[in-house]
Amino acid sequence: MELKHVYKAFDGRAVLRDVSMTFPEGKVSCLFGPSGRGKTTILRLLAGLEQADGGTVDGVGDRRVSVIFQEDRLLPFCTAQMNIAVAAPGSDARLWLEKVELADDAGKFPAQLSGGMCRRVALARALAYDGAVFLMDEPFQGLDREMKLRMMALVRTALAGKTAVLVTHDPEERDFLADTVLSLE
């Protein structure tokens, strides 16, 4: 995946100006830097959810992609288990809930879960989908430190040998997961 001289603006305000970067295959690349620098926009360009105003984007192509957005984006009318099963048919949703330590909450709806629990359901859903490419936008937000460390270990294992792009402001997440760091200052 690669960006070459990409320009992107929203409402006349440039978010990306002449940005070029390459994301190595089979590695976890981290987009790191302060808010408002275009990290989320880059993920959306790679996924094909946004189009560049200039330059070229070689995104995920026809490969299967797992995305963890900044928002959990859970279906409110589906239980935790159903949210995973709908997105990843054929996967063992119950097993993924066990891996994110929510097996006892499989039958609860998002409104019955805390913010951190919803975050873990969203994480389990993306991992269950098992894309060839993972695009993750602050995947551990809302988790306490101990839970975050356990979820980072789970993600690191799940991403072994896969191409992934992680957006984070957290140096601990960057240092634990990233093979390559691309700083947007």
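Figures for the structure shown
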{"quantity": "From the options ALA106, ALA87, residue that is farther than 18 Å from ALA164 by Cβ and not hydroxyl-bearing (Ser, Thr, Tyr)", "calculated": "ALA106"}
{"quantity": "Options LEU74, LEU154, LEU135, LEU123: the member that is touching a residue at least 60 places away in the same chain (Cβ under 8 Å), under 15 Å from the mean Cα position of the chain (by Cα) and open to solvent by less than 70 Å² (accessible area, probe 1.4 Å)", "calculated": "LEU135"}
{"quantity": "Within the range 169-185, considering residues that are among the charged types (D, E, K, R) and open to solvent by 20 Å² or more (accessible area, probe 1.4 Å), the one farthest from the chain's Cα centre (by Cα)", "calculated": "GLU185"}
{"quantity": "Checking LEU166 against (1) open to solvent by 30 Å² or more (accessible area, probe 1.4 Å); (2) in contact (Cβ under 8 Å) with a residue 60 or more places away in the chain, the condition it does not meet", "calculated": "(1)"}
{"quantity": "Set PHE109, PHE77: member being in contact with a Cys (Cβ under 8 Å, 6 or more places away or on another chain), more than 30 Å from LEU16 (Cα to Cα) and of a type in the set (Phe, Trp, Tyr)", "calculated": "PHE109"}
{"quantity": "Single residue of the range 3-45 satisfying the filter (surrounded by 14 or more Cβ atoms within 10 Å (Cβ to Cβ) and charged (D, E, K, R)) that is nearest to MET152 (Cα to Cα)", "calculated": "LYS27"}
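Results for (1) among the β-branched types (Val, Ile, Thr); (2) farther than 15 Å from ARG119 by Cα; (3) in a strand (DSSP E or B), shown as yes or no for each residue.
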| residue | (1), (2), (3) |
| --- | --- |
| LEU143 | no, no, no |
| LYS148 | no, no, no |
| LEU154 | no, no, no |
| VAL165 | yes, yes, yes |
| GLU173 | no, yes, no |
| PHE176 | no, yes, no |
| LEU182 | no, yes, yes |
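Conditions (1) modelled with pLDDT of 95 or more; (2) within 20 Å of the chain's Cα centre (by Cα), marked per residue:
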site	(1), (2)
GLY59	no, yes
THR79	yes, no
PRO89	no, yes
ALA111	yes, no
LEU127	yes, yes
GLY131	no, yes
PHE140	yes, yes
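The values are calculated or read from the model by the stated rules, or taken from the named source; none is laboratory data. Owing to the predicted nature of the structure, the values given are computational and were not obtained by experimental measurement. We place every Cβ from the backbone using ideal geometry, glycine too, and count neighbours over all the protein chains shown. Just the protein is used for accessible areas: all its heavy atoms, side chains included, with ligands, DNA and RNA removed. Shrake-Rupley method; radii C 1.70, N 1.55, O 1.52, S 1.80 Å.
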